[in-house]
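J.: One structure follows; several queries about it will come next.
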Number of protein chains: 2
Amino acid sequence: MALVVKKFGGSSVADAERIRRVAGLIAEDYSMGHDLVVVLSAPGDMTDDLIEKAREVNPKASRREMDVLLSTGEQTSVALMAMALEALGLPVVSLTGWQVAVRTNTEYSNARIERIDKERIESELDRRRIVLVAGFQGLNKYDDITTLGRGASDTTAVALAAVLRADSCQIYTDVDGVYTADPRKIPGARKLAEITYDEMLELASLGAQVLHNRCVQMGKRYGVEIEVLSSFERKPGTKVKEVTDLEKTKISGVARDTEVSRIALVGLRDEPGVAFRVFQTLARDKIVVDIILQSIGRDGTQDISFTVARADTERAASLLAAQQTQLGFARIDTDDKIAKVSIVGAGMMSASGIAATMFEALYDAEVNIGMISTSEIKISVLVDEADSDRAVQAIHRKFFD
Amino acid sequence: MALVVKKFGGSSVADAERIRRVAGLIAEDYSMGHDLVVVLSAPGDMTDDLIEKAREVNPKASRREMDVLLSTGEQTSVALMAMALEALGLPVVSLTGWQVAVRTNTEYSNARIERIDKERIESELDRRRIVLVAGFQGLNKYDDITTLGRGASDTTAVALAAVLRADSCQIYTDVDGVYTADPRKIPGARKLAEITYDEMLELASLGAQVLHNRCVQMGKRYGVEIEVLSSFERKPGTKVKEVTDLEKTKISGVARDTEVSRIALVGLRDEPGVAFRVFQTLARDKIVVDIILQSIGRDGTQDISFTVARADTERAASLLAAQQTQLGFARIDTDDKIAKVSIVGAGMMSASGIAATMFEALYDAEVNIGMISTSEIKISVLVDEADSDRAVQAIHRKFFD
């Protein structure tokens, strides 16, 4: 008999039929004698619909009131799922974020969990009830509703698993695990049985949208083993944990991120502090810069290229353009027809020749490499967006075939 | 500078345009310096939509989970209205039932308010914020969400007005006040400037769906003057209060209720306690009986006729049929093609000839009278449903023309 935290996303509660199917899955696990805490997201497109309704009334609504509005989504999910479990004759209780209570800081719409009260959940579990918890939402010190940011129901699940010292935390998704590459694009992509937190973090930030980053970080911090599973089929998924046994594979996956663009400042004065001032300008407006390349020109000037999220491109460019005189550069180039292709693996840097093998695969596939960035567990290259599918396929074939 | 509690129904928050219009109305009153507490119902058909969603998942869902689900409706309303007021640059805060907190007993889906905490609302008013409160919902001693029953946002408003000792409680509706008869049906129907609580209670229970009965009872108990106003036009409505100055009109209105049916037990044994056992059977299942007529037959049997809500007809008949042997009656007749037509007036019984005038009007209009029931402030007659419009018109003409 184990205590298991499960989390189902919005597509699992999008309509009555799906709700009943998930209820059946929960019922099976309950019948095995497990104590179950189930975290749910808002149904299907409900969050987007609510945002649209708010926009019609006030495009600049306060974050506090947005949180009051959006938190109705998960409340709807837990109530309907409770009803579906009642229909199966099971003891169940739904709890909102404030009922649990999930205590957060006061940053509306992007709150951080500070602590979670265990009393209510534990007393419901003691009565052998299935406990349904509305994800994504909490309560701040003013007794106001807060939300944790888009996709943060995963974080609610992992935080609950940590506080309750659950035996496992199962995140049910549209995919059935973490793959060595996007299985819709790469025919030979294989499901990983296990992956480390660090690898998962790199993969998530590289565009493999399986788990929310904050939930993986929290899992790592509190040692919660997270399993990514399919909500459609009963089969083992991928376990995210501290150390994996799979030493034989040096890299765990190939990822592609097309949500990036490159900005180049050309003809920058070659003097100390210039790079600092460039990136300070961007940091002040919370624009995250990823790969950076600095090249010294021959005529006393230098070029600085870097990547930002594609959505930030124009904002970043205009912030820098406004500082053109102070920074002293000749021109700004932007390019959003690029993609970042990366390989991730915990054992990568200790093995020799991984980078060389990757570059060889790209050379064979006639893909030009723009910028290169490496860390302890990943190597990323910038390529033309049009080449990126071919690049991922070539790299995946080289490492996994 | 007054403290005013306002309540707007679901049609006032049905879409962005209506929300903005109501926000404008609130803004005007705020600009006059009033302290405002505004109670809102769920938007338009949202409650019905949620009930339908629940039914798809589980037609026999628990009341606890229904309350979790339905309470999202008013939460949606207060959040959107807060955003609309923010767009006008006004200081505003939305509060749910548990945030206020509106403390209720544990009867889910039909909870009674036990007390209301004033602290949060008063501290928000002290900061000169407009306080929006989700109607219809509360919090029980288990920290579970409860709802107060359909239409009970009126009750929330009056309870808040009582607790906060508000200067007035304004209920905004689709109609602009209380009329001497249904203004859509009776051309000469006049709006009343004032009406007593008791008259309003009789009118509400007789099918004049303006105010929720429980809210009028609460207004009477705590001496809260309730004003019924139009949410579409700025003009005086009808004030519901203890004593009215309008002594000259003996009756305040004519009402028609078609949601009734008549049940007759024929050939009942004429022995003591039979009537008691009949009505005990119904009371045990919470079926409310209205007008009762008992007639002694000539052959040692008697007939008992009574009216029940039309929705209860079949349930009442089958409960009694199951007791046929014990009660000892020959047969049950039911008739739902009837209507109850009533006149209401606080000064009625002290004035002579009111009943006679009513019966004369019906006689002139050739309407047959079935059963008759009288109380301190009303006279009701049962007529064929097909005759009921003509009956109301005839009575109204007699008294008000």
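Values quoted throughout were computed directly from the atomic coordinates according to the rules given, and no laboratory measurement underlies them. Since the structure is predicted, the reported quantities are computational estimates derived from the model, not experimental observations. Using ideal geometry, Cβ is built from the backbone for each residue, glycine included, and neighbour counts are taken over all protein chains shown.
J.: Between segment B:140-180 and segment A:54-122, what's the alpha-carbon centroid distance in Å?
T.: 26 Å
J.: Estimate the FRET efficiency between A:Ile292 and A:Asp167 by the formula 1/(1 + (r/R0)^6), using the beta-carbon distance for r and 41 Å for R0, to the nearest 0.05.
T.: 0.45
J.: Further question on the same structure: Using +1 on the beta carbon of Lys and Arg, -1 on that of Asp and Glu, and nothing else charged, what's the dipole of the protein assembly as shown about the Cα centre, debye to 20?
T.: So the magnitude is around 860 debye.
J.: With bins 5 Å wide starting at 0, give me the P(r) of segment A:127-167 over every alpha carbon pair, in whole percents.
T.: Per 5 Å bin, starting at zero, the Cα-Cα P(r) for segment A:127-167 comes out as 6, 20, 23, 25, 17, 7, 2 percent.
J.: Hey, if you drop one equal point scatterer on each alpha-carbon of the protein assembly as shown and run the Debye formula without solvent, what base-10 log of I(q)/I(0) do you get at q = 0.07, 0.09, 0.11 Å⁻¹?
T.: For the protein assembly as shown, the Cα-only Debye profile gives -0.69, -0.97, -1.23.
J.: Scan around B:Glu227 for amide H atoms under 5 Å from its own, H built in the peptide plane at 1.01 Å from N, and keep only partners 5 or more places away or cross-chain.
T.: Answer set, sorted by chain and number: B:Cys169, B:Gln170, B:Ile171, B:Val240.
J.: Which ³J(HN,Hα) values, rounded to whole Hz and listed in residue order, are derived for segment A:194-206 from phi using the Karplus coefficients 6.51, -1.76 and 1.60 in 6.51 cos²θ - 1.76 cosθ + 1.60 with θ = phi - 60°, glycine and proline given as x?
T.: Calculated HN-Hα couplings, in order: 9, 7, 7, 4, 5, 4, 4, 4, 5, 5, 4, 6, 9 Hz.
J.: Determine the sum of side-chain charges near A:Ala309: Lys and Arg each +1, Asp and Glu each -1, restricted to other residues whose C-beta is under 9 angstrom from that of A:Ala309.
T.: My count for the surroundings of A:Ala309 gives -2.
J.: Find how much the distance from B:Thr258 to B:Phe232 grows on full extension, using 0.36 nm per residue of separation minus their present alpha carbon separation; answer in nm with one decimal.
T.: 6.6 nm
J.: Taking the Cβ of A:Ala339 as the center, what net charge do the other residues with Cβ under 14 Å away carry, scoring Lys and Arg +1 and Asp and Glu -1?
T.: So the surrounding residues net to -3.
J.: So how compact is segment B:274-331: Cα radius of gyration and Dmax in angstrom?
T.: Spelled out, the Cα radius of gyration and Dmax of segment B:274-331 are 11.3, 34 Å.
J.: I would also like to ask the following. Taking every DSSP beta bridge with both residues inside the protein assembly as shown, roughly what % is antiparallel (nearest 5)?
T.: 60 percent
J.: Tell me which residues come under 5 Å, amide H to amide H, from A:Gly253 once H is placed; ignore anything under 5 positions away on its chain.
T.: Under 5 Å from the amide H of A:Gly253: A:Val344.
J.: Any of A:Lys185/A:Lys398; B:Lys7/B:Lys220; A:Lys53/B:Lys60 with alpha carbons more than 21 Å apart? Name them for me.
T.: The pairs that break the limit, which is 21 Å between Cα atoms, are A:Lys53/B:Lys60.
J.: Provide the per-residue ³J(HN,Hα) series for segment A:167-179, in order, calculated from phi with Karplus coefficients 6.51, -1.76, 1.60 and θ = phi - 60°, each as a whole number of Hz, with x at glycine and proline positions.
T.: These are the phi-based 3J(HN,Hα) values: 6, 7, 10, 9, 9, 8, 9, 6, 9, 9, x, 9, 10 Hz.
J.: In the structure shown, do any of B:Lys191/B:Lys239; A:Lys337/A:Lys378; A:Lys191/A:Lys239 have a Cα-Cα gap over 18 Å, and if so which?
T.: Cα-Cα > 18 Å for A:Lys337/A:Lys378; rest within.
J.: Another question, if that's okay. Strictly greater than 24 Å: what percent of every Cα pair in segment B:146-271 meets that?
T.: For segment B:146-271, the fraction of Cα-Cα distances above 24 Å is 32 percent.
J.: If you filter segment B:24-107 for trypsin sites (Lys or Arg not before Pro), then keep DSSP loop positions with at most 12 other Cβ within 10 Å, what is left?
T.: B:Lys60
J.: For the residues B:Met1, B:Met371, A:Met218, what sequence is obtained by ranking on other C-beta atoms within 10 Å, fewest first?
T.: Listed from fewest to most nearby Cβ atoms, that is B:Met1, B:Met371, A:Met218.
J.: Of B:Met46, B:Met32, B:Met348, which has the largest mean-square fluctuation in a 10 Å C-alpha GNM of chain B?
T.: Greatest mean-square fluctuation among the candidates belongs to B:Met32.
J.: Something else now. Compute the signed sum of charges (Lys and Arg +1, Asp and Glu -1) over the other residues within less than 14 Å, Cβ to Cβ, of B:Thr281.
T.: +2
J.: Once you place label points 7 Å from the Cα toward the Cβ at B:Asp299 and B:Arg112, how far apart are they in nm?
T.: My value for the distance between the label points is 4.7 nm.
J.: Kirkwood Rh and Cα-based Rg: tell me the resulting Rg over Rh for segment B:259-401, rounded to two decimals.
T.: With Rg and the Kirkwood Rh in hand, the quotient comes to 1.02.
J.: I need the GluC sites (Glu not before Pro) found in segment A:308-401, filtered to DSSP loop residues with at most 14 other beta carbons within 10 Å of theirs.
T.: The qualifying sites are A:Glu366, A:Glu376.
J.: Another question about this same structure. Of the beta bridges DSSP finds with both residues in chain A, what % are antiparallel, to the nearest 5?
T.: Of the beta bridges lying entirely in chain A, close to 60 percent run antiparallel.
J.: Something else now. Give the whole-number value, in cubic angstrom per residue, of the convex hull volume spanned by the C-alpha atoms of chain B.
T.: 162 Å³
J.: Among bridges DSSP assigns within segment B:3-173, what percent are antiparallel (round to 5)?
T.: For segment B:3-173, the DSSP antiparallel bridge percentage is about 25.
J.: Still on this structure, I have one more. Report Rg/Rh for segment B:3-173, rounded to two decimals, where Rg is the Cα radius of gyration and Rh the Kirkwood radius.
T.: When Rh is taken as the Kirkwood radius, the ratio is 0.97.
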